[in-house]
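Inspection log for the structure reproduced underneath, given as structure tokens.
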4 protein chains.
Amino acid sequence: MSGAPNTTTASAGLVDELVDANHILHQQGIVDAFGHVSVRHDRDAGRFLLARNMAPARVQAADILEYAVDSGEALAPDPPRLYLERHIHSEIYRARPDVMAVVHNHSPAVLPFCVARGATLKPVCHMAGFLGGSDARDGPALFEIRGHAGPATDLLIRNRELGAALASSLARSRVVLMRGHGCTVVGPSLPVAVYRAVYTEVNAKLMLQALPLGEVIALTPEEADATRVTNEGQVMRPWQLWREQVRRPRGPAV
Amino acid sequence: MSGAPNTTTASAGLVDELVDANHILHQQGIVDAFGHVSVRHDRDAGRFLLARNMAPARVQAADILEYAVDSGEALAPDPPRLYLERHIHSEIYRARPDVMAVVHNHSPAVLPFCVARGATLKPVCHMAGFLGGSDARDGPALFEIRGHAGPATDLLIRNRELGAALASSLARSRVVLMRGHGCTVVGPSLPVAVYRAVYTEVNAKLMLQALPLGEVIALTPEEADATRVTNEGQVMRPWQLWREQVRRPRGPAV
Amino acid sequence: MSGAPNTTTASAGLVDELVDANHILHQQGIVDAFGHVSVRHDRDAGRFLLARNMAPARVQAADILEYAVDSGEALAPDPPRLYLERHIHSEIYRARPDVMAVVHNHSPAVLPFCVARGATLKPVCHMAGFLGGSDARDGPALFEIRGHAGPATDLLIRNRELGAALASSLARSRVVLMRGHGCTVVGPSLPVAVYRAVYTEVNAKLMLQALPLGEVIALTPEEADATRVTNEGQVMRPWQLWREQVRRPRGPAV
Amino acid sequence: MSGAPNTTTASAGLVDELVDANHILHQQGIVDAFGHVSVRHDRDAGRFLLARNMAPARVQAADILEYAVDSGEALAPDPPRLYLERHIHSEIYRARPDVMAVVHNHSPAVLPFCVARGATLKPVCHMAGFLGGSDARDGPALFEIRGHAGPATDLLIRNRELGAALASSLARSRVVLMRGHGCTVVGPSLPVAVYRAVYTEVNAKLMLQALPLGEVIALTPEEADATRVTNEGQVMRPWQLWREQVRRPRGPAV
């Protein structure tokens, strides 16, 4: 579908799925011209796939590059311009062997929880149980880059050290918020990581609207775990819809 | 219009109307990849029609199955994957012979009223009188699944018992809210049930915006009853528009 | 453009403008399947043009009927189904010879000001000076139907008496709010009435977002008058854009 | 792409970029039928390019005129109707030789900060560092026209004196808010000025949603400067996407 050759050693199906994921995240309003999504290589756990530096909506198969998990650098000699924040991906893959896909975005309803002191994002609807549960009792952690690199950075995860610090904040959970910046979401597959990025936004928007009405009832940790297991068993339902939406013959995903 | 054969014993017109209802609910933003809509069989009140497990925007006539009201199970041998929550539909049809169509959704402006303690959804505009009136004086009830199945469920209406409990919360009214989950809306026909689902969302969004401005003036029960009767006599006005919007030759409803 | 014959005695240009106005109001989100727009007949001030009972987005020239200002009834014998609220239009044309066009809608950001006790809509940006000024010092009045027909109506302006009461609330101003219902906007031409309906919504949305930030600075009456005169001298700028948007060959306005 | 001849002495590439900028600002929701964007002439710093009086979405190359920075007037004899507020552009180019492009708009989430007394727009996310930093410590200034021309104007920047007053409020910063009106954004190129207009809106919407959650953490001046430098080095990433979106063969930008 991408009209361009697969230039990686990964399976063509995985590359196509990554192209779809880029387009879906744009179509769902989770990324604008910024943000990125990667997937671990399906034939070498020490590598991952990520586009070159470009807007997700424009990514085609030929734009996908291979990177080394160890270094966060592209494997091809003389690569094109890369995302400055590729170390978000590499360091999370290094710290979390269970993670197969990573989404980084500036999702609009999530950002308020990244800039308001003391605000906490909790799972309040059954579609977003993955935000809590036994691995993330209090909801996503907030990564404050000032605690790692001082008060004068450009807020980007520009190097391995900052990537490792972010992965440490993420710990065993599925979402980490980044002060003044956005969030990073992980999953055991591209469809699940994209699902989680979409419903992190849905749950955040819901909290923004519910907080003025009264005390918000969060899912119990047990409800969060149970809803996560159930809903992620249904993940092909949204994925098939979203894929159809971005592959329609009416033009590119943009 | 659906490009696929009707596989039920119901009239072809009813199946087409159900396909339209699926697409309209998506196009109006009432369902995303989740949620479902059913209609009682027009030749056998002990049956109802509901799609197989898939996103509403993708449903075509061949995806519509027949279910037994008594059991909530598909009548065909060896059915495809079904919605886990089909018991919402079956138990409401069992408890309410007047109900001919059921919509279950996670409508975005309604959800805040499902997660904030003490928030109440009341009819405040004349398009949503069906939320109150003599059958539902205080607006829709809130179904708390913890009261029926404890604090560790996946929040889904997975079996007949939970379906019956939900139908009991619905009682004689037209909408029931479900804590942390969404809502279920019923009607005497598909167009009316879809109309009510759409304007439950409109009224909820209106309340979210009005509450910060001051005390909100609800319709009196008499106003609610009178507006319901008037507006539902106009239901073909939106239905014809919505049907045109989803049947346009520009591609599928997605 | 409408692909259907003009069946009125008004000029074809006026009928086409009314068809455009119907489509523009839908495309701009000011009406959904409900709401209506009329224009005074350009060859007989005792008549006005209004569609038959249907969603504005679907109106074509053949759907436009002539009505008598005096009675609010269609002039053709055996007319099709009419809008229940045509008396909004007739009674305002009767009371206000300066009014050439009337829009009635349930505009989403305006409705909160129609249901929250004590909320007042004031002109706060220069595009909406018409909401205030020397003819409407305190912003639009709120019409409470309970004061005229008691607490058990369906809120509709169903007869000449209620239409006259609404026109009396409108007085010399340009917009009147209707409790639990919507608003009615008038103007000296269709483009100006449509402009005012659109920017009543814009100004209302702006107030909803500004009120939580602090005391809102309204335009002075002199600013309101001056901005109204200036902006309405520019009204063909939006009208030409909007007309292009609804006349594009990509399909009907819906 | 514009299907019309370049009638200026500037390079064709610059004229095309200005046409794109008009369409992008509309497509991104930063302008509606009102607002305008200009660029300094690339062969004569004493001139600038700006469309004739029309909605930005409709602008084509033949609609672009040359203006004198000194007078704010069109250079062609007998010009078509001009924007009343062209002096916003001319006076800023006069006061700020570093400015190469100017956007004036009524961006919806920015307007609340232009009408609520005491509200302040600060950079809170890394995409909008340009709102603060060493040149604009407290965020954009608010221009109150009443302080310059009294309480009875139409709020427009109608002459050189008001343009100069606005340029003085802008000072060395990149954005100036205008009470009851909108904002003006400047940059060293069209892509950067458009980027800043878009992310001023994004940051404003973020603040509107974050303020109810608690104290909002602004970027430090050092973070604002660093993020501005980094992100504006990435400006072709959104620009390429946006240009593709408005140049798609699916019809005009409207």
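The values are calculated or read from the model by the stated rules, or taken from the named source; none is laboratory data. Source: prediction; values computed, not measured. Backbone-built Cβ (ideal geometry, glycine too); neighbour counts: all protein chains shown. These accessible areas exclude ligands, DNA and RNA; they are computed on the full protein's heavy atoms, side chains included. Shrake-Rupley method; radii C 1.70, N 1.55, O 1.52, S 1.80 Å.
Quick rundown of the values:
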read-out	value
Bins of 10 Å, starting at 0 and running to the largest distance - Cα pair percent for the protein assembly as shown	2, 11, 19, 24, 23, 15, 6, 1, 0
Nitroxide proxy distance, nm - points 7 Å out along Cα→Cβ at residue B:236 and residue B:117	5.0
Overall dimensions of the stretch B:44-102 as given by Cα atoms, namely Rg and Dmax in Å	11.1, 31
Neighbouring partner chain Cβ atoms per residue of A:214-223, average, 10 Å criterion	6
Other copies of residue B:29: label-to-label distances in nm, shortest first, labels 7 Å along the beta-carbon direction	0.6, 0.7, 0.9
Net charge over other residues, Cβ less than 15 angstrom from the Cβ of residue A:59 (K, R count +1; D, E count -1)	0
Chain A, closest residue to the rotation axis toward C, by beta-carbon, whole angstrom	A:212, 5
Rg(Cα)/(2.2 N^0.38 Å) for the stretch D:138-213, N = residue count	1.21
Low-density loop cleavage sites - trypsin sites (Lys or Arg not before Pro) in the stretch D:195-254, where at most 15 other Cβ are within 10 Å (DSSP)	D:250
Taking only Cα atoms of the stretch B:1-81, radius of gyration then Dmax in Å	11.9, 34
The stretch B:15-116: GluC sites (Glu not before Pro) falling in loop per DSSP and having at most 15 other Cβ within 10 Å	B:73
Inter-copy separations for residue A:146, label at 7 Å along Cα-Cβ, nm, ascending	3.6, 3.6, 5.0
Label geometry 7 Å along the beta-carbon vector: residue B:160 inter-copy distances in nm	6.2, 6.2, 8.8
Kirkwood hydrodynamic radius of the stretch A:1-135, from inverse mean 1/r over distinct Cα pairs, in Å	15.9
Cut-off under 5 Å, modelled amide H: who pairs with residue B:65 long-range	B:50, B:51, B:52
From phi via Karplus (6.51, -1.76, 1.60), per-residue ³J(HN,Hα) for the stretch B:6-17 in Hz, x at Gly/Pro	6, 9, 10, 8, 6, 5, 4, x, 5, 5, 4, 5
Estimated FRET transfer efficiency when R0 is 30 angstrom, pair residue D:247-residue A:244 (beta carbons, to 0.05)	0.75
Phi-based couplings in Hz for the stretch D:137-151 (Karplus 6.51, -1.76, 1.60; Gly and Pro marked x)	3, 9, x, x, 6, 10, 8, 9, 5, 4, x, 10, 9, x, x
Radius of gyration and Dmax over the Cα atoms of the stretch C:196-252, both given in Å	15.5, 46
Neighbour-limited loop hits for trypsin sites (Lys or Arg not before Pro), the stretch B:115-175 (at most 11 other Cβ within 10 Å; DSSP other than H, G, I, E, B)	B:137, B:172
Debye intensity ratio in log₁₀ form over the Cα atoms of the stretch B:106-185, taken at each q of 0.20, 0.27 Å⁻¹	-0.88, -1.42
Inter-label distance, nm, simple model (7 Å from Cα along the C-beta direction), residue D:189/residue B:172	7.1
FRET efficiency for residue D:215 and residue A:42, using Cβ-Cβ distance with R0 set to 35 Å, rounded to 0.05	0.20
Cross-link pairs beyond the 26 Å C-alpha cut-off, checked among A:122/D:205; B:122/D:122; A:122/C:205	B:122/D:122; A:122/C:205
D/C buried area, accessible surface, summed, 1.4 Å probe, Å²	3200
Length released on extending from residue D:96 to residue D:229, taking residue separation times 0.36 nm less the Cα-Cα span	45.9 nm
Whole-angstrom Cα spans of the stretch A:99-150 along principal axes, big to small	37, 29, 23
Descending principal axes extents, the stretch C:57-212, alpha-carbon based, whole Å	53, 36, 30
